[in-house]
1. If you look at just the Cα atoms of the range A:57-285, how large are its Rg and its Dmax in Å?
2. Rounded to the nearest 20 debye, what is the charge dipole size of the range B:6-54 about its Cα centre when +1 sits on each Lys and Arg Cβ and -1 on each Asp and Glu Cβ?
3. I want the local charge near B:I233. Using Cβ-Cβ distances under 11 Å, sum +1 for each Lys or Arg and -1 for each Asp or Glu among the other residues.
4. Dipole of the protein assembly as shown (Lys/Arg Cβ +1, Asp/Glu Cβ -1, origin at the Cα centre): which of A:V123, A:A109, B:A140 lies farthest to the positive side?
5. Tell me, what HN-Hα J-couplings in whole Hz come from the Karplus equation 6.51 cos²θ - 1.76 cosθ + 1.60 at θ = phi - 60° for each residue of the range B:63-76, using x for Gly and Pro?
6. Compute from the Cα atoms of the range B:263-307 the Rg and the Dmax, the latter being the longest Cα-Cα distance, and quote both in angstrom.
7. Taking 2.2 N^0.38 Å as the expected size of a compact globular protein, what ratio does the Cα radius of gyration of the protein assembly as shown give against it, to two decimals?
8. Putting +1 on Lys and Arg Cβ atoms and -1 on Asp and Glu Cβ atoms, find which of A:N224, A:A185, A:V234 reaches farthest to the positive end of the dipole of the range A:144-271.
Amino acid sequence: MNWISNYVRPKINSIFSRRETPDNLWSKCDSCGTMLFHRELKDAQNVCPNCDHHMHISPRERFKHLFDGGLFTEVEVPKPIVDPLHFRDQKKYPDRVKIAQKSTGEEDAMLVATGEIQRTPFVLAGQNFKFMGGSMGMFVGNAIVAAANEAIARKCPLVIFTAAGGARMQEGILSLMQMPRTTVAVDMVKEAGLPFIVVLTHPTTGGVTASFAMLGDVHLAEPNALIGFAGARVIEQTIRESLPEGFQRAEYLLDHGMIDRVVARKDIREELVTICRMLMRQSPAIKGDLAACEDDATAETTATGTDSDKGADGDSGKDKKG
Amino acid sequence: MANYLEFEKPLAEIEGKAEELRALARQNSEMDVEKEAEALDQKAADLLAELYRTLTPWRKCQVARHPDRPHCKDYIKALFQEFTPLSGDRNFADDHAVMGGLARFNDRPIVVIGHEKGHDTKSRIERNFGMARPEGYRKAIRLMDLADRFGLPIVTLVDTTGAYPGRGAEERGQSEAIARSTEKCLNVKVPLVSIIIGEGGSGGAVAFAGANRLAMLEHAVYSVISPEGCASILWKDAGKMREAAEALKLTAQDLEKLGVADQIIPEPVGGAQRDPDATIANVGAALEEMLTALDKKTPKELLQERRQKFLDIGTKGLAA
C-alpha cells in the first residue's frame, strides 16, 4: 500500500476540504482495534492486515473479489409471497424487511451469481448477515433452488457462502420448511454429478447449519468463524458449565471432523478452482493471467477476454461489475 | 385427572367440588348428593368442551407438552405388533431419546422411528426429555437405510422440544446429523409417513418429518422456534410467549392452511391426555389410511412426489 496516497493525501485533503470528507474513511478492526483505512480494508476483503481478523463482507463485495475481473451475472430469484403469516412482533415484519433493504441495498439475505473464476464457470450464492442476520426464509430458499437450477443448467459447481443466525422466525413454519427444501435443491446438484461446496463464514448457526450448510461435498470455513447448531449461551444454561475456548469456532470444528479445511479469505478463490477442477476432472487452471478486480478500469478490460466459455451469456439477469 | 393445566383451573375447581360432594356422601349414607354432583359433572363437561374448542395457540402448546399425553412408546405398544427395537448409531452410542425398530402394523412390516420423552422422572432423564443428540439422528438414518433396502414403509412419530443443545452434541456434529437425517427422509424410495403427536420442535422435528404425508394431532404444534425463545428474541421478553405463539402460526389448524400438514387427526374432548386409548385408535386409523394411499406408488413416484411437495411449499394454501 502506498503510504502517501493512502494516508498522507487523504489527511491533507481533509484539512483543506473538511466538509467534503466522509467520516467513514477509517474503521476500527473489531478484534485488535487497529485503525484501518477504508480502501486498504476493501482491498484486503475486509480482513484486518494487522491481526488477520476476518470481518463481515457482503456477498456483492465478496463476488467482486472472487470472479474474474469482478464481473458476474446476477441470477434472478423468484419473489416469494411477502409476509405470509402477517407476522407482527414489536415491529411489522414487512417494516423490518424494508429497513434491511434500505440499509443493505439488497432485496433479501442472499445473492446468487454466475461467472468465471480463473476461467472456470461457477454459480455462487452468498448469504448476507447484515440482512436480518442472514436469516433463511422463503427468499433464501428460493435463492438456493434458483442457484441449484442454474448450476445444473450450466453444468458447473455450486458454492454457497453461509452466514446466518438461523431460520427467519417471522416466516414461522415456512422458514423451517426451507431446511428440507434447500436439502432437495442441493441434492439435485449432487445427483447431476456436480460439486457442491460450502464455505462457512462467521457466523453460521441454527437451521442453516442443520441443512444445506452441512451437506457439502467439501466444507471450507473462514478462520475463527462461529459455526454451530445451538447458541453458546443456550448450551451453557443447559449444561450449567462454561464452554472451552474456541468452542464452535472453525478450527474447533476442523479438530472435531466437521469441516475439511480452514481457508483464509484471500485464498478461497484458488481453493475453489483447484478443488472443483479436480472434482470435475478438468485440467489444472492456468494461473496468473486473470486476477480478481483491482480497480474498475482494469476490471473491464480483463473481463472482455473471459466470455469465450460456453453458456456464459444469454442470461436474463443484469451484468454487475466491480 | 392428576395434572391440570393452568388454564384448566376453573375446571379443576368444579371437578374437585363434585368429588368432595361424593366423598361426603360416602361417609354419610343419608345424604343424597348425586343430583347435585351430576349437575357439577355436566357443568365441568361443558366447560371442558368449551375450553378445548377455543384453545389459543399458547394453550395448545401447553396441551401439546402435557406430561400425560400418550408418547411414542405408548403408540408403538398399542398399534404395532412384534415390535423389535433396534439400537445404536454404529459410531458412538445409542440415544434413548429416539426409539425405533422393526414392527408390524396391521400385518404390514414397517420401520418405526420416534422421539420418546419419558413418563416419569427416571425415564425422562433416561430419555433426555425427548431431546435427541447426534447419535439419535444417526440411528434414525441407519433405520431409514434399512427400510429403504428392504422396501419397508417408514413411520415416524415426532414429539420433541428440539434437538439437545449440549457441548458433546455440538462436538459430534448435531447440525450435520440433523441435516443428514432430513436428507435421508427426502431420499428414501419407500413410503414415509410422519405424525406429530405432541411437540414438533424446530430442526429436531424436521429431521424426521420430510415425509410423503404429514399428519398432526388436533392439539399438536410444529414450529421453527418455541414461543418462549421467539418472545425472548423478538420481544426481548420471554414472558410474551402468548403473543409469540399467536404470531408463529404453529397450530395444526394453521399448518394445514399453510400446506405444511396434510391432515389433522382428531383428539378426544379435553385433549389426548384425557383419553389416550381413543387418541391412539384415531392415530392408528389415520396411519392405515395414509399407508394404504401410498401403497400403489412406485419408488420413483414416492421420491419425486415427496421432493416436489417440499419444493412447492410456500406457493399454495397461503390464505391464512
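Every number in this text was worked out from the coordinates using simple rules, so none of it is lab data. None of the values given here were measured: they were computed from a predicted structure. In this analysis, Cβ positions are derived from the backbone assuming ideal geometry, glycine residues included, and neighbour counts consider all displayed protein chains.
1. That works out to 17.2, 55 Å for Rg and Dmax.
2. Result for the range B:6-54 is approximately 60 debye, rounded to the nearest 20.
3. -1
4. In the protein assembly as shown, that residue is A:V123.
5. 5, 4, 9, 4, x, 8, 5, x, 10, 3, 4, 5, 5, 4
6. 14.4, 42
7. 1.08
8. Toward the positive end, the furthest listed residue is A:A185.
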